[in-house]
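Heads up: the structure comes next, in structure tokens.
The values are calculated or read from the model by the stated rules, or taken from the named source; none is laboratory data. Since this is a predicted model, take the numbers as computed values, not measurements. Positions of Cβ are generated from backbone atoms using ideal geometry, with glycine treated the same way; all protein chains shown enter the neighbour counts. Surface areas here come from the heavy atoms of the whole protein model, side chains and all, with no ligands, DNA or RNA. Shrake-Rupley method; radii C 1.70, N 1.55, O 1.52, S 1.80 Å.
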Amino acid sequence: MTENQVFTEVQGIFRDVFDDESLNITNETNANDIEEWDSLEQINLIVAMESTFKIRFTIDEVSELKNVGEMIALINKKVNNE
Amino acid sequence: MLGQENFIEKRIAILSGSTVGELQNILELFLLKQGIKPTFYQGSYNRYFEDAVYDNLELSDFNPDLIYIHTSVKSIIDFPVPFEEVEGIGVKLNNVLNSFIKVWESIAHKYNCPIIQNNFEALPQRIFGNADVYREDGALHFVNTLNQKFYEYSRANSNLYINDLNYQAAWYGLEKWFDNAAWYMYKYSFNMNAIPLVSHNIANIIKSIFGKNKKALAIDLDNTLWGGVIGDDGLDGIELGVETPKGMAYTDIQKYLKSVSKLGIALNICSKNEEIIAKTGFNHESSILKWDDFVVTKANWNNKDLNVNEIAKELNIFTDTIVFLDDNPAEREIVKNNLPSVAIPNLSEEYDFVKVLDQSGYFEVTNITEEDKKRISYFKSNQLRQHEVLALENYDDYLKSLGMKCEIQHFNNENLSRIVQLINKTNQFNLTTKRYTSEEVIQFMELTNSFGRCFKLKDKFGDNGIVSVLMADIQGYVLNINLWVMSCRVFKRELEKTIFDEIVGWCKQNHILKIRGYYYPTAKNKIVENLYSELGMSCIEDTPIQKVWNYEVNQEYNKKNEVMEVTSND
């Protein structure tokens with residue numbers, strides 16, 4: 001899976017979770033940029049990423065995520081390792 | 001879904017023992033599907049005890065219609081340790097149990113509403129291995145014992161309903177149920193993918209409590225109640241009984257439906273067949289169901305939506321209380337398109353029919369009354385009456401020929417559950433559509449300035465049981481009829497006249513000068529729009545949201561009832 005494909009999928013997940021088809025994310029997007037992005041939506045995002053890419057995050061990985069860029073980098077690493 | 005009509009609105013409080021999160025959203029969807037529009041209060045994370053027991057202004061302001069307590073086995077902190085003495089274990093058990101009892105009693109006292117309480121699911125680990133379940137110091141034994149105590153409390157207290165989380169976890173598969181990462185990171189006590197299963201179960205209990213259960217099944221015959229087509233294959237050709245795998249499956253379907261009918265759910269036939277041939281199928285030696293087990297039988301060549309509609313009419317119920325069972329997707333589609341309110345499970349393979357039906361929760365039992373168990377015979381005697389009315393030309397003669405006997409009862413502990421049921425599920429003959437929980441009815445009974453009666457009706461075809469309830473309060477010299485409901489089983493029997501006689505008679509004896517009747521229109525209660533005018537009351541207010549009638553008691557009154565005998569349990 002290319003990095004572009006991963007980005008597109010992640011974009012789709014964000015739109016889905018926040019129910020906003022016009023939402024455009026960047027690598028710098030973080031919880032401060034999206035009003036509805038609270039701890040519960042964070043869980044929904046993580047769970048959706050895990051099931052879409054068929055990966056599992058560790059507790060450390062989840063707690064260290066700072067923004068969308070880090071999330072995508074982590075997914076790329078996991079997807080391409082497998 | 002919000003486009004549907006006839007939503008009832010309910011305020012539901014969720015108290016948290018672990019993350020509630022998505023459960024509330026999914027629960028909302030399931031409730032909307034059942035015609036219930038919820039507003040939610042969500043307690044603070046893991047504060048179910050504090051939220052329930054201590055003063056909670058937010059929750060009192062919310063004034064919940066129902067409280068759901070979202071706990072799980074994760075809510076138990078202090079388990080027995082290996083080789084602990086029985087006394088110590090007993091103390092731990094009582095600590096957990098008493099804290100929950102305190103929660104329930106506090107809710108009953110402060111909020112006076114039904115409670116849904118999760119039981120505890122099995123544990124993910126077993127220190128003693130298989131012995132964990134029977135050793136007294138086994139944690140699993142501890143959990144199971146607590147569950148038994150919960151059930152005892154629930155049996156003794158009609159306001160506590162158990163959501164069987166233990167069963168749901170087993171059904172989902174314990175191995176998948178426990179998602180450790182989700183617990184440690186997000187404090188979801190179980191796998192997020194199990195949330196729909198749990199929410200569905202909770203929604204089923206809620207809709208059952210609020211009178212939204214299904215009442216009848218319209219059932220196809222060929223390849224639904226037996227394998228094969230009776231018209232083509234004949235009695236010897238259809239598959240039923242232990243000789244063939246399919247035959248076994250159909251026998252289990254019949255057994256299941258027979259049990260469902262014991263709950264008071266009316267079985268009806270809706271089949272494209274010649275009636276005379278369809279009937280022969282039930283002569284099969286392995287047929288558990290008999291032709292007489294069905295109330296309305298429609299075996300003809302009409303479109304099935306027409307037949308389902310006829311069944312609803314003959315039973316005098318709404319189509320949204322009917323479940324349509326048919327193996328044929330094309331037939332299901334026709335009914336779905338023409339009668340969108342009918343519930344239609346997707347039956348595919350015969351070996352899964354029972355599973356699909358059982359998981360649906362259409363008939364979830366919460367408060368079953370004696371009337372429920374007898375409902376089938378009510379339906380049947382109603383049919384006999386319908387045949388009689390055709391034979392007698394004059395309707396008055398027909399009513400007199402029924403030999404009706406009405407018994408007037410005060411509210412008491414024996415008739416309470418039926419009163420509450422009738423109040424909460426009656427939609428047509430319901431003047432104000434006010435709903436009351438049993439706790440509220442008990443409070444009403446304790447008031448001195450109130451007038452509450454219920455009415456039993458029997459006739460030569462059978463006993464209908466309690467079919468009407470009236471609740472009124474007294475302000476000075478005025479009696480306000482706040483609630484009046486009557487079961488659709490006894491419409492057009494002039495029982496309302498007998499009841500009005502009782503009201504007026506009582507008012508005269510108790511020096512009441514005015515009787516006020518109220519009507520609040522809903523989508524379903526048009527039938528009683530002019531009831532009070534028909535009873536001789538004067539309309540004093542007429543707006544789109546309410547109508548009010550007045551009756552001056554101090555005038556000569558001739559009893560209106562001429563068709564039934566009346567007795568009272570005074």
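Couple of notes before you dig in:
- For B:ASN112: the one exception among (1) modelled with pLDDT of 95 or more; (2) farther than 30 Å from B:ASN191 by Cα: (1)
- Criterion (aromatic (Phe, Trp, Tyr), buried (at least 21 other Cβ atoms within 10 Å of the Cβ) and over 30 Å from B:GLY173 (Cα atoms)) met by exactly one of B:TYR111, B:TYR68: B:TYR111
- When residues of the range B:209-235 are limited to those that are part of a helix (DSSP H, G or I) and crowded, with 22+ Cβ neighbours inside 10 Å, the one nearest to the other protein chains (Cβ to nearest Cβ): B:ILE209
- Remark: B:SER286 matches the filter, which requires a residue to be of a type in the set (Gly, Ala, Ser), over 26 Å from B:THR366 (Cβ atoms) and surrounded by fewer than 20 Cβ atoms within 10 Å (Cβ to Cβ).
- The criterion of at least 1 residues that are within 14 Å of another protein chain (Cβ to nearest Cβ) and at pLDDT 95 or above is met, among helices (runs of 4 or more DSSP H) falling completely within the range B:1-97, by B:22-33.
- Selection count, the range A:1-41, where residues are loosely packed, with under 14 Cβ neighbours inside 10 Å and of a type in the set (Val, Ile, Thr): 3
- Only one of B:VAL143, B:VAL81 that is crowded, with 16+ Cβ neighbours inside 10 Å and β-branched (Val, Ile, Thr): B:VAL143
- Of the residues making up the range B:162-199, those that are open to solvent by less than 30 Å² (accessible area, probe 1.4 Å), more than 14 Å from chain A (Cβ to nearest Cβ) and either part of a helix (DSSP H, G or I) or not polar (S, T, N, Q) (or both) are B:LEU165, B:GLN168, B:ALA169, B:GLY173, B:TRP177, B:PHE178, B:VAL198, B:SER199.
- Condition check for B:ILE512: crowded, with 16+ Cβ neighbours inside 10 Å, touching a strand residue (DSSP E or B) at 6+ places or on another chain (Cβ under 6 Å), in a strand (DSSP E or B) and of a type outside the set (Lys, Arg): no
- The residues of the range B:422-435 that are closer than 10 Å to B:SER487 by Cβ and modelled with pLDDT under 90, listed by number, are B:LYS425, B:THR426, B:GLN428.
- Among (1) more than 10 Å from chain B (Cβ to nearest Cβ); (2) modelled with pLDDT of 85 or more; (3) assigned to a helix (DSSP H, G or I), the one test that A:ASN80 misses: (2)
For (1) at the interface with another protein chain (Cβ under 10 Å from one of its Cβ atoms); (2) in a helix (DSSP H, G or I), each residue gets a yes or a no:
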residue: A:GLU36; (1), (2): no, no
residue: A:GLU41; (1), (2): yes, yes
residue: A:ASN44; (1), (2): yes, yes
residue: A:MET49; (1), (2): no, yes
residue: A:ILE55; (1), (2): no, no
residue: A:GLU61; (1), (2): no, yes
residue: A:MET71; (1), (2): no, yes
